[in-house]
Amino acid sequence: MSLDVRTVTAPEFADWMKAVGTGFLTPNTPGEELVADRVAQVDLSRVQGAFDAGRCVATFRSFAQQLTVVGGGTVTADAISGVTVTPTHRRRGLLSRMMATDLAAAKERGEPLASLIAAEYPIYGRYGFGPATWTAEWEVSVHRAGLDPRRSGQPEGGGRIELVDGADVRKLGPEVHARLAELRPGVVSRDERWWQQHTGSGLRPEHEKWTEPFYVVHRTADGEVDGLMVYGADDKWGDAKQPLNTATVRDLIALNPAAERALWHYLCSIDWITTVRSGYRAPDDLLPLLLPDPRAARMVTNADWLWLRMLDVPRALEARTYGVEASLVLDVRDDAGLAGGRFLLDVSDSGARCTPTTRSADLALGVGELAALYLGDESLRRLVDLGRAEELRAGAVATGDAVFRTGRRPWCPDVF
C-alpha cells in the first residue's frame, strides 16, 4: 500500500502527537485534555503527516514566526518544527515530500524565509538551509571565579535584584523580551502560550516533568526592569557535608551590560552554589569576561542552532540594514528552484535595494550559504576557503564581508 502524505485532521492529531513522541524518543500516549489543548493551538492546514494503513509514521508542522534581523527589523518566517520519521519508514522520501510542500506553500504566502532548529546537522543542508546562528554553553566554577565572597550579589549603581514568581514573569517578561528583539538579530517571537509553558501554567506531556524554578529580575535605580533570569538548582552534598550544588540557567535576558553583569554575579554569589551552568548563550556572550578570572568558565557546548532557508532573496536582503555603502552582484544557486537567481544588492547605512539583474556576478554561492551570511554570523572569506562560495571579481569577498558581518554575533535564545 502506498504511503499517504497529507495534512492532518483534528481526529488524527492524537496519532500525530504520538508519532512525534516516537520520533523524538519520548514515547507517550497523549491524554484527551492535552490533545484538545494542542490541537486548539495549531493551524492544521500547516500540519502534515505520512500515513501507512491509517497509522501516522512521519510528522511535520510549521507556523508563522517573527525573526529579528540586523538593524532591529523583523521578517515573518515559516518556522518548521515537529519533524520526525518513524524508524520503520526512513529513507522513503517522506521528509522530502513534506518539506517541498511546506516550502512551496510558504513562498506562496509571501514569507521571505523559513527557519528551524536542527536536531542533526547533516539533514537540512540538502533542502537549502544554512546555520545562521550558533550557540554556546559555559560551566562556571564559582570558587575559581574571583568574585568577592563578602558581596551579597546586589548590583552596583543603584540597581537591584528582585525575586519574583511565575505570574510576575508572565506580566513583565513579554516587554523585556520585545526590547531584546529590537537589539539582537536572531531573536524569534514568543507568544502568550510560550510564557505560560515556561512558567508552569500550561499543560504539558507526562514525560516533561515540571520543576518550579527561581525567577529574578534586575531593576535599574529608577525601578525599570532591564533584566530577567530563570534558573533551577540541584541538591548535592559531598562526603564532608560540603555543598556541591549546581545552578542551571533556563532563561536570561539582559538589555544592557550592567544588567547582564548583575544577574551573573547574583547567581554566582548564592550560598551552596559551587557550579553554574549558563544554559545556551551566544558564542560571544559576555559571561566569561564578566568574571575576574574568565578561566573559571569552561565552554562545554559550541554548536549550530538556528537554521534559515531563503525563499525570497530580494525581500530578505532588503529587510536588514548594513553598515557600509557597497554594491554586489550575487549569483545564488537553489537546486529546488525556489529562490535562485542573479541579484544586484545595493546597500548603504540607510538600507538596501535588491533586484534581479543580468550583470556579471561578483560572487557565486548556494542559497544555504547566503542564509548562513544573512544575520551576520558567517564569514564569506571562510566560505570561499571551504569551497562553498566563489569569488568572481577580485575584492568581492572583502566587500561581501564588510557588507554582511556584524559587530556582535546573532543569537536565538529559543528552541521551537
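The values are calculated or read from the model by the stated rules, or taken from the named source; none is laboratory data. Since the structure is predicted, the reported quantities are computational estimates derived from the model, not experimental observations. FYI the Cβ positions are ideal-geometry reconstructions off the backbone, even for glycines, and counts take in every protein chain you see. Each accessible area value is taken on the protein alone, full model and side chains, heavy atoms only, with ligands, DNA and RNA left out. Shrake-Rupley method; radii C 1.70, N 1.55, O 1.52, S 1.80 Å.
Here are the numbers:
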| item | result |
| --- | --- |
| Checking Pro27 against (1) open to solvent by 60 Å² or more (accessible area, probe 1.4 Å); (2) at pLDDT below 95; (3) in contact with a Pro (Cβ under 8 Å, 6 or more places away or on another chain), the condition it does not meet | (3) |
| Any hit, the range 145-153, residues being open to solvent by 20 Å² or more (accessible area, probe 1.4 Å), touching a Pro at 6+ places or on another chain (Cβ under 6 Å) and at pLDDT below 95 | yes |
| Qualifying residue in the range 3-13 (condition: in contact with a Lys or Arg (Cβ under 8 Å, 6 or more places away or on another chain) and of a type outside the set (Val, Ile, Thr)) | yes |
| Residue satisfying condition, being acidic (Asp, Glu), closer than 30 Å to Arg405 by Cα, open to solvent by less than 70 Å² (accessible area, probe 1.4 Å) and at pLDDT 95 or above, within set Asp78, Asp15, Asp52 | Asp78 |
| Residue pairs meeting the criteria (Cβ under 7 Å; at least 6 apart or on separate chains; first on the phi > 0 side of the Ramachandran plot, in the range 366-389; second outside any strand (DSSP E or B)) | Gly376/Val70; Gly376/Pro185; Gly376/Phe404; Gly376/Arg405; Gly376/Thr406; Gly376/Pro410 |
| Failed item in (1) at pLDDT 95 or above; (2) open to solvent by 10 Å² or more (accessible area, probe 1.4 Å), with Arg204 passing the rest | (1) |
| Condition met for Ile117 (at pLDDT 95 or above, of a type outside the set (Gly, Ala, Ser) and surrounded by 16 or more Cβ atoms within 10 Å (Cβ to Cβ)) | yes |
| The range 128-143, subset out of contact with any Lys or Arg (no Cβ under 7 Å at 6 or more places or on another chain) and outside any strand (DSSP E or B), residue most open to solvent (accessible area, probe 1.4 Å) | His143 |
| All positions within the range 82-107 that are more than 19 Å from Asp52 (Cα to Cα) and in contact with a Phe, Trp or Tyr (Cβ under 8 Å, 6 or more places away or on another chain) | Asp102, Leu103 |
| Selection count where residues are in a loop (DSSP other than H, G, I, E, B) and within 18 Å of the chain's Cα centre (by Cα), scope the range 256-301 | 7 |
| First in the range 46-57 and among the polar types (S, T, N, Q), second anywhere and open to solvent by less than 10 Å² (accessible area, probe 1.4 Å) and assigned to a strand (DSSP E or B), Cβ under 7 Å, 6 or more apart | Gln48/Phe60 |
| Close pairs (9 angstrom Cβ cut-off, 6 or more residues apart or separate chains): over 30 Å from His198 (Cβ atoms) in the range 229-244, outside any strand (DSSP E or B) and open to solvent by 60 Å² or more (accessible area, probe 1.4 Å) anywhere | Gly238/Leu244 |
| Segments classed as strands (runs of 3 or more DSSP E), wholly inside the range 28-106, with at least 3 members that are more than 30 Å from Val313 (Cα to Cα) | 47-52, 55-68 |
| Count - residues of the range 1-26 that are touching a residue at least 24 places away in the same chain (Cβ under 8 Å) and part of a loop (DSSP other than H, G, I, E, B) | 6 |
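The rows are residues; the columns are (1) within 30 Å of Pro410 (Cα to Cα); (2) aromatic (Phe, Trp, Tyr); (3) over 22 Å from the mean Cα position of the chain (by Cα).
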| position | (1), (2), (3) |
| --- | --- |
| Leu34 | no, no, yes |
| Gly72 | yes, no, no |
| Thr88 | no, no, yes |
| Leu94 | no, no, yes |
| Ala104 | yes, no, yes |
| Ala114 | yes, no, no |
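Let's see how each residue does on (1) closer than 30 Å to Glu378 by Cβ; (2) surrounded by 13 or more Cβ atoms within 10 Å (Cβ to Cβ); (3) without any contact (Cβ under 8 Å) to a residue 40 or more places away in the chain:
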| site | (1), (2), (3) |
| --- | --- |
| Val217 | no, yes, no |
| Ile253 | yes, yes, no |
| Pro257 | yes, no, yes |
| Thr275 | no, yes, no |
| Gly279 | yes, yes, no |
| Ala282 | yes, yes, no |
| Arg295 | yes, no, no |
| Thr301 | yes, yes, no |
| Leu308 | yes, yes, no |
